[in-house]
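Asker: Dropping a structure here in structure tokens format, bear with me for questions.
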Amino acid sequence: MTANNYEASVLFKRNYQSTAHIVINQGGTSSGKTYAIEQVLFCLASEKADQVITVVGQDIPNLKAGALRDALNLYNRSDQLKTLVKNYNKTDRIFQFHNGSLKSDIHDIKTIQDSQSRVNEIRLKVLENNVAVLQQQVNDIKNERKDK
């Protein structure tokens, strides 16, 4: 599946063709952001094997009402996408592609996410410790000035 197989909006095309590391999509409710981004994600998942793509949101009810609903609409409307998707796990809300993208083993995905979470916690602690050390150095300098 490629970008040429979608009825593509300008928003889809700009997201799909972007070479930027981060793309920011702005617009109001029902402006097509989620739909266009999910079209891009489905294209990327089908074009390159063994991709893990995670769509996150505020909470599961919001995901079900928005991103998941749009993903299922895209899937159900595209016969080509149906041929590329090996399985949709309704319980875990995971699309698995024949090429290995969006892997179905939720435990692997959770392990990766837990590891990344732990790394972020460690980074935060390092930053907090650096701030504490810097604050102590500032206090020492202030005390030295008072003593002179």
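The values are calculated or read from the model by the stated rules, or taken from the named source; none is laboratory data. Predicted model, so just to flag it, every value in this text is computed and none were measured. No Cβ is skipped: glycine too gets one built from the backbone with ideal geometry, and neighbour counts run over all protein chains shown.
Asker: Which numbered condition trips up Ser78, out of (1) among the hydroxyl-bearing types (Ser, Thr, Tyr); (2) surrounded by fewer than 12 Cβ atoms within 10 Å (Cβ to Cβ); (3) closer than 17 Å to Ala8 by Cβ?
Answerer: (2)
Asker: Among the residues of the stretch 40-74, how many are outside any helix (DSSP H, G or I) and either not hydrophobic (A, V, I, L, M, F, W, C) or not assigned by TED's automatic domain parsing to the domain that holds Ser9 (or both)?
Answerer: Residues that pass the stated criteria total 8.
Asker: Suppose the filter is part of a loop (DSSP other than H, G, I, E, B), farther than 20 Å from Asn99 by Cα and of a type in the set (A, V, I, L, M); does Ile37 pass it?
Answerer: no
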